[in-house]
Amino acid sequence: MDRRPFIAANWKMYKTIGEAEAFIMDLLPRIKDVKDRDIMIAPPFTALQAVANAVKGIEQCFAAGQNMHFEQNGAFTGEISPVMLRDIGVDYVILGHSERRHIFGEDDAFINKKVLSALSHDLAPVLCVGERLEDREAGMTEEVLRQQLTKGLNGIAVEGNSDLIKKIIIAYEPVWAIGTGKTATPEMAEDAHSFIRKLIEEIFNSTIAENILILYGGSVKSSNITGLMKEEDIDGVLVGGASLDVEHFERIIKF
Ligand code: 13P
């Protein structure tokens, strides 16, 4: 098992191009000696090219889209395609974020098309899953995760595709923990992560399950990352609010 820690920032709808560039220029010298983990930054689309250019050639640093359409091009006003992301040097794309699911109504079948499209365009999908508070209170957490993963990863045959499947990252983000300051305890997160790893084994196989990265997201801060990262099945984090401040994000990266 060789899972490198993966620290990801999701800036959501924050930062202009100038703010994004200033952040990266400030961050890079701070993390120049950090070689044993990967760092991903997902700015808004307008700042994505600037961030992709700024991290180009830095081995452990990657730019990501926060979303994309599954088609290569077409009459889809307001959308960005996988070809466009590749065109500006983007390697990763967040898909199925809970804000996409619950504010913009994306469902598992729609997200699945995006996952398949990302893979076919050599983009690594960061597929987000996670239960709402009412799901957890109704004892439905595992059922929700099962649905989101089996449907979201539908149609990817293992045979002949293991290199592609290796690109997939899962982010477990319980909806009740996002932006609320309520982090799942390390034990709660670990329960969900180990369940997700078992599901990945069912969907693909044990080798893929052992190697796939599963990130935790939801009110991650420098004060709680260490406890989370001690858990066996937590391989990294997807950070919203606390990734907007360079000093705080540096502390998270260097947990
Ligand atoms: P917060 O870290 O602000 O809770 O957001 C988490 C998230 O949604 C990352 O994708």
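The values are calculated or read from the model by the stated rules, or taken from the named source; none is laboratory data. Fair warning: this is a prediction, and the values are worked out from it, not measured in the lab. No Cβ is skipped: glycine too gets one built from the backbone with ideal geometry, and neighbour counts run over all protein chains shown.
Is it the case that some residue within segment 91-108 is over 26 Å from Tyr216 (Cβ atoms), out of contact with any Cys (no Cβ under 9 Å at 6 or more places or on another chain) and among the hydrophobic types (A, V, I, L, M, F, W, C)?
Within segment 91-108 (the criterion being over 26 Å from Tyr216 (Cβ atoms), out of contact with any Cys (no Cβ under 9 Å at 6 or more places or on another chain) and among the hydrophobic types (A, V, I, L, M, F, W, C)), the answer is no, since none of the residues qualifies.
Are any residues in segment 180-239 among the acidic types (Asp, Glu), in contact with a strand residue (DSSP E or B) (Cβ under 8 Å, 6 or more places away or on another chain) and farther than 15 Å from Ile39 by Cα, and if so, which ones?
Scanning segment 180-239 gives a single hit, Asp233.
On the basis of being more than 16 Å from the ligand (Cβ to nearest atom) and surrounded by 21 or more Cβ atoms within 10 Å (Cβ to Cβ), does Leu145 make the cut?
Yes.
Consider only pairs whose beta carbons are under 6 Å apart and that are at least six residues apart or on different chains; among these, list those whose first residue lies in segment 217-241 and is on the phi > 0 side of the Ramachandran plot and part of a loop (DSSP other than H, G, I, E, B) and whose second residue is near the ligand (Cβ under 6 Å from one of its atoms) and at pLDDT 95 or above.
Gly218/Glu173
Out of segment 206-250, which residues are surrounded by fewer than 20 Cβ atoms within 10 Å (Cβ to Cβ), over 16 Å from Pro174 (Cα atoms) and within 14 Å of the ligand (Cβ to nearest atom)?
Of everything in segment 206-250, those that are surrounded by fewer than 20 Cβ atoms within 10 Å (Cβ to Cβ), over 16 Å from Pro174 (Cα atoms) and within 14 Å of the ligand (Cβ to nearest atom) turn out to be Ser222, Ser223, Ala242, Leu244, Asp245, His248.
Across segment 148-164, which residue is farthest from the ligand (Cβ to nearest atom) among those that are modelled with pLDDT of 95 or more and either among the charged types (D, E, K, R) or not in a loop (DSSP other than H, G, I, E, B) (or both)?
That would be Thr150.
Let me confirm something: among Ile88, Ile24, which residue is over 13 Å from Asn10 (Cβ atoms), more than 16 Å from the ligand (Cβ to nearest atom) and buried (at least 18 other Cβ atoms within 10 Å of the Cβ)?
Unique residue meeting the criteria: Ile24.
Could you please let me know if Ala171 is of a type outside the set (S, T, N, Q), under 16 Å from Gly218 (Cβ atoms) and part of a strand (DSSP E or B)?
Judged against the criteria, Ala171 is a match.
Determine if segment 13-22 includes at least one residue that is free of Cβ contacts under 8 Å to residues at least 40 places away in the same chain, in a loop (DSSP other than H, G, I, E, B) and within 15 Å of the chain's Cα centre (by Cα).
No, segment 13-22 contains no residue that is free of Cβ contacts under 8 Å to residues at least 40 places away in the same chain, in a loop (DSSP other than H, G, I, E, B) and within 15 Å of the chain's Cα centre (by Cα).
Is segment 107-124 home to any residue that is within 15 Å of the ligand (Cβ to nearest atom) and farther than 24 Å from Ser162 by Cβ?
no
What are the residues in segment 207-216 that are β-branched (Val, Ile, Thr) and in a helix (DSSP H, G or I), if any?
Once the filter is applied, which keeps residues that are β-branched (Val, Ile, Thr) and in a helix (DSSP H, G or I), segment 207-216 yields Thr207, Ile208.
What number of residues in segment 152-175 are under 24 Å from Ala8 (Cα atoms) and either buried (at least 21 other Cβ atoms within 10 Å of the Cβ) or touching a residue at least 40 places away in the same chain (Cβ under 8 Å) (or both)?
15
This table checks each residue for (1) over 19 Å from the mean Cα position of the chain (by Cα); (2) buried (at least 21 other Cβ atoms within 10 Å of the Cβ); (3) farther than 18 Å from Lys113 by Cα; (4) aliphatic (A, V, I, L, M).
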| residue | (1), (2), (3), (4) |
| --- | --- |
| Ala47 | no, yes, yes, yes |
| Gly57 | yes, no, yes, no |
| Gln66 | no, yes, no, no |
| Gln72 | yes, no, no, no |
| Glu79 | yes, no, no, no |
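Here are Ala184, Ala192: which of them is of a type in the set (A, V, I, L, M, F, W, C), buried (at least 18 other Cβ atoms within 10 Å of the Cβ) and within 13 Å of the ligand (Cβ to nearest atom)?
Within the list Ala184, Ala192, the selection yields Ala184.
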